[in-house]
1. Straight-line reach from K34: which lysines have Cα under 25 Å away, leaving out those fewer than 8 places along the same chain?
2. Among (1) 2, 11, 21, 23, 21, 15, 5, 1; (2) 2, 10, 16, 21, 17, 13, 9, 5, 4, 2, 0; (3) 2, 13, 25, 27, 21, 10, 3, 0, which one is P(r) over Cα pairs in 5 Å bins from 0, in percent computed from these coordinates?
3. First measure r as the distance between the Cβ atoms of T49 and T86, then evaluate 1/(1 + (r/R0)^6) with R0 = 22 Å and state the FRET efficiency to the nearest 0.05.
4. If we count other beta carbons within 10 Å of each Cβ, what is the order of S37, S5, S89, fewest first?
5. Could you calculate the contour length gain from V41 to L101, that is, 0.36 nm times the residue separation minus the distance between their Cα atoms, to one decimal place in nm?
Amino acid sequence: MNGKSFTVAAGTRLVNAIEDNNVNIGHRCGGKSKCTSCRVVFLAGEPTTMTAAEHAKLTEKGMLGIMRLSCQIVVDADMTIEPQMTLESVADWTDTGPRCLDAVEPDALVRPTSSF
């Protein structure tokens, strides 16, 4: 990710893991799957599950199968990603948004991606 590599504890919310390692990824809605500012592209290690909220938002925005929402993903394996919106890449941002909770929200109804 941007040439950075770091170790994250399993069970960490991906958006927080990215931010905690000094990448200013967007999370304008506070990690509630209401926007897509935390979107990432997976180069390797994409999870095979997805929350219902992530599926709905990506479908609405025409991004399903292209991007994933880091606020809806919990780290459980090695992942290689590219954040798409950061404080440095969005000209009119003065901050990335409110800190996301440790737990995925809304309620994380997780399904295999093949079930959608």
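Every read-out reported here was derived from the displayed coordinates using simple, explicitly stated rules and does not represent laboratory data. In this text, all values refer to a predicted model and were calculated from it rather than measured experimentally. All Cβ positions, even for glycine, are placed from backbone atoms using ideal geometry, and neighbour counts span all protein chains on display.
1. K57, K61
2. Given (1) 2, 11, 21, 23, 21, 15, 5, 1; (2) 2, 10, 16, 21, 17, 13, 9, 5, 4, 2, 0; (3) 2, 13, 25, 27, 21, 10, 3, 0, the structure-derived one carries the label (3).
3. Numbers: r = 25 Å, r/R0 = 1.16.
The computed FRET efficiency comes out at 0.30.
4. Working: S37 22, S5 9, S89 12.
Least crowded to most crowded, the residues run S5, S89, S37.
5. Values: separation 60, 0.36 × 60 = 21.60 nm, distance 2.19 nm.
Roughly 19.4 nm would be gained on extension.
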